[in-house]
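Visitor: Encoded as structure tokens, here's the structure I'll be asking about.
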Amino acid sequence: MELRHLRYFVAVAEEGSFTVAAEKRLRTAQPSLSRQIRDLEYEVGVPLFARSVHGVELTVAGKTFLDHARLALTQADAAIEAARRAGRPEKSRFALGFLTGQEIDWLPEAMRVLRDELPNIDVTVTSDFSSVLAEGLTRGRLDLAFMRREAGSTDLVYQTVIKETLAAVLPSDHPLAKLDRVELAKLEGTPFINVSDTAPALLEIINNHLREGGFGIATAHEADNIVMAVSMVASTHGFALLPSYVKNFLPWSVVSRPLKGKAPTIDLVVGYHKANASTILAKFISRLGDLIERATKHVPR
């Protein structure tokens, strides 16, 4: 798979037409574009577009692939820029961190905020557990991170970006998967995959919700990260309670469904060290309101 395949795919997805994408976006012949997309679908192994006389629409698989394709192109562009700046040590460094998985939604937003500064700075990107990001901020290895509030980090400043609603993640062939919303009490007796203490903020919110709601749900397995939790849901035929961004990782065998009633939420925040005097950080924080406004329009909550 080559980057040009991803660029062709994104162009067709955004234009909704092979002809328009070929003529206006890519300056190539439509038959050649169609062949490239067929090659991509063959490599991925599933249809990405549903074709008709009226144009093309993304399949469910195509919608999932689109988010990752955009992220890959963004990261590739960032890598090119970083390589071009590598020989200019006078440029300022700005280190971004992301709770693993959140970079799919938030790296493009962060790069948009930094767009005017990119020619003059060297941006590095890290993804990890929130506690590791907090340590990176404390030790000066990171300038800013999209993360959870970490207890005990008194030198860090947090600003809420978005409140993520927790949803039920369950096998696609589970009887409750057919419903638009899931009543948590009806999952009693189903093996529950909880998060481990690698995600203390999320673990506390989940356990408090189960306890306060009086649900007869006990932890059957623990998962250290989102991807592991999703895999265990599929393999054990159990369920998990996870933040909305888990939709970015779900295979065909697993679905996410909102909870009936008042669902628990967890804050996604940006964190930074209060003693960090970076001018780039100050500019980023000053533009945080614009980022949050855009996020409320298209980022899952």
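The values are calculated or read from the model by the stated rules, or taken from the named source; none is laboratory data. All values derive from a computational prediction rather than experimental measurement. Because the Cβ atoms are built from the backbone with ideal geometry, glycine has one as well, and the counts that use them run over all protein chains shown.
Visitor: Taking only pairs six or more apart or across chains, which ones have beta-carbon atoms under 9 Å, a first residue in region 285-301 that is on the phi < 0 side of the Ramachandran plot and of a type outside the set (Val, Ile, Thr), and a second residue that is loosely packed, with under 14 Cβ neighbours inside 10 Å and at pLDDT below 70?
Guide: Within 9 Å, the pairs are ALA295/ARG301.
Visitor: Can I ask one more? Would region 183-203 turn up any residue that is more than 20 Å from GLN102 (Cα to Cα), touching a helix residue (DSSP H, G or I) at 6+ places or on another chain (Cβ under 9 Å), hydroxyl-bearing (Ser, Thr, Tyr) and assigned to a loop (DSSP other than H, G, I, E, B)?
Guide: yes
Visitor: Would you point out which residue out of LEU241, LEU187, LEU203 is hydrophobic (A, V, I, L, M, F, W, C), assigned by TED's automatic domain parsing to the domain that holds VAL255 and more than 20 Å from the chain's Cα centre (by Cα)? So that I can check it myself, show each step before the final result.
Guide: Values: LEU241 fails: more than 20 Å from the chain's Cα centre (by Cα); LEU203 fails: more than 20 Å from the chain's Cα centre (by Cα).
After ruling out the rest, the residue left standing is LEU187.
Visitor: Looking at GLY87, is it in the same structural domain as ASP128 (by TED's automatic domain parsing) and modelled with pLDDT of 85 or more?
Guide: Working: in the same structural domain as ASP128 (by TED's automatic domain parsing): yes; modelled with pLDDT of 85 or more: no.
Spelling it out, it is not the case that GLY87 is in the same structural domain as ASP128 (by TED's automatic domain parsing) and modelled with pLDDT of 85 or more.
Visitor: So, one more: Residue check: is GLU117 among the acidic types (Asp, Glu), farther than 30 Å from SER253 by Cβ and crowded, with 18+ Cβ neighbours inside 10 Å?
Guide: Numbers: among the acidic types (Asp, Glu): yes; farther than 30 Å from SER253 by Cβ: yes; crowded, with 18+ Cβ neighbours inside 10 Å: no.
No: the conditions fail for GLU117.
Visitor: Collect the residues in region 204-227 that are without any contact (Cβ under 8 Å) to a residue 12 or more places away in the chain and part of a loop (DSSP other than H, G, I, E, B), keeping them in residue-number order.
Guide: Within region 204-227, GLY214 is the sole residue that qualifies.
Visitor: To continue, here is another question. Go through region 3-28 and report how many residues are in a helix (DSSP H, G or I) and hydroxyl-bearing (Ser, Thr, Tyr).
Guide: Here is the first cut: in region 3-28, the ones in a helix (DSSP H, G or I) are 3-15, 18-26.
From what is left, the residues that are hydroxyl-bearing (Ser, Thr, Tyr) are 8, 19.
Total satisfying the criteria: 2.
Visitor: If only one of GLU41, GLU117 is part of a helix (DSSP H, G or I), touching a residue at least 40 places away in the same chain (Cβ under 8 Å), farther than 21 Å from THR160 by Cβ and charged (D, E, K, R), which one is it?
Guide: Details: GLU41 fails: touching a residue at least 40 places away in the same chain (Cβ under 8 Å).
Only one candidate qualifies: GLU117.
Visitor: Further question on the same structure: For region 121-130, give me the residue count where each residue is outside any loop (DSSP other than H, G, I, E, B) and out of contact with any strand residue (DSSP E or B) (no Cβ under 6 Å at 6 or more places or on another chain). Walk me through how you get there before you give the answer.
Guide: Step one: filter region 121-130 for residues outside any loop (DSSP other than H, G, I, E, B), giving 121-128, 130.
The next check asks that each one be out of contact with any strand residue (DSSP E or B) (no Cβ under 6 Å at 6 or more places or on another chain); those that pass are 128.
Summing the residues that are outside any loop (DSSP other than H, G, I, E, B) and out of contact with any strand residue (DSSP E or B) (no Cβ under 6 Å at 6 or more places or on another chain) in region 121-130 gives 1.
Yes/no per residue for (1) assigned to a helix (DSSP H, G or I); (2) surrounded by fewer than 23 Cβ atoms within 10 Å (Cβ to Cβ); (3) assigned by TED's automatic domain parsing to the domain that holds GLY289:
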position: VAL132; (1), (2), (3): yes, yes, yes
position: GLU135; (1), (2), (3): yes, yes, yes
position: LEU142; (1), (2), (3): no, no, yes
position: GLY152; (1), (2), (3): no, yes, yes
position: VAL157; (1), (2), (3): no, yes, yes
position: ALA168; (1), (2), (3): no, no, no
position: ALA177; (1), (2), (3): yes, yes, no
position: ASP180; (1), (2), (3): no, yes, no
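Visitor: Something else: For region 47-61, what are the residues that are part of a loop (DSSP other than H, G, I, E, B) and either under 10 Å from VAL12 (Cβ atoms) or in contact (Cβ under 8 Å) with a residue 40 or more places away in the chain (or both)? Lay out the reasoning, then the answer.
Guide: Taking region 47-61 first, the residues part of a loop (DSSP other than H, G, I, E, B) are 47-48, 53-54, 59.
LEU48 - this is the single residue of region 47-61 that is part of a loop (DSSP other than H, G, I, E, B) and either under 10 Å from VAL12 (Cβ atoms) or in contact (Cβ under 8 Å) with a residue 40 or more places away in the chain (or both).
Visitor: Determine whether VAL44 is surrounded by fewer than 16 Cβ atoms within 10 Å (Cβ to Cβ) and either touching a strand residue (DSSP E or B) at 6+ places or on another chain (Cβ under 7 Å) or on the phi < 0 side of the Ramachandran plot (or both). Full working, then the answer.
Guide: Details: surrounded by fewer than 16 Cβ atoms within 10 Å (Cβ to Cβ): yes; either touching a strand residue (DSSP E or B) at 6+ places or on another chain (Cβ under 7 Å) or on the phi < 0 side of the Ramachandran plot (or both): yes.
So VAL44 passes the test.
Visitor: Shifting gears a bit: Just to verify a result, which residue in region 1-32, among those that are among the hydrophobic types (A, V, I, L, M, F, W, C) and more than 17 Å from LEU73 (Cβ to Cβ), is surrounded by the fewest Cβ atoms within 10 Å (Cβ to Cβ)?
Guide: Start the filter on region 1-32 by keeping residues that are among the hydrophobic types (A, V, I, L, M, F, W, C), which leaves 1, 3, 6, 9-13, 18, 20-22, 26, 29.
With more than 17 Å from LEU73 (Cβ to Cβ) added as a condition, the list becomes 18, 20, 22, 29.
Numbers: PHE18: 21, VAL20: 16, ALA22: 22, ALA29: 11.
Across region 1-32, the extreme among qualifying residues is ALA29.
Visitor: Among the residues of region 171-201, which ones are touching a Lys or Arg at 6+ places or on another chain (Cβ under 7 Å) and either under 18 Å from VAL230 (Cα atoms) or aromatic (Phe, Trp, Tyr) (or both)?
Guide: Residues of region 171-201 that are touching a Lys or Arg at 6+ places or on another chain (Cβ under 7 Å), as a first pass: 176-177, 179, 181-183, 201.
Hits for region 171-201 are LEU176, ALA177, VAL182.
Visitor: Return the pairs, sorted by first residue and then second, in which the second residue is in a loop (DSSP other than H, G, I, E, B) and buried (at least 24 other Cβ atoms within 10 Å of the Cβ), the first residue lies in region 144-156 and is among the basic types (Lys, Arg), the beta carbons are less than 9 Å apart, and the residues are 6+ apart or on different chains.
Guide: Correct list of pairs: ARG148/ALA199.
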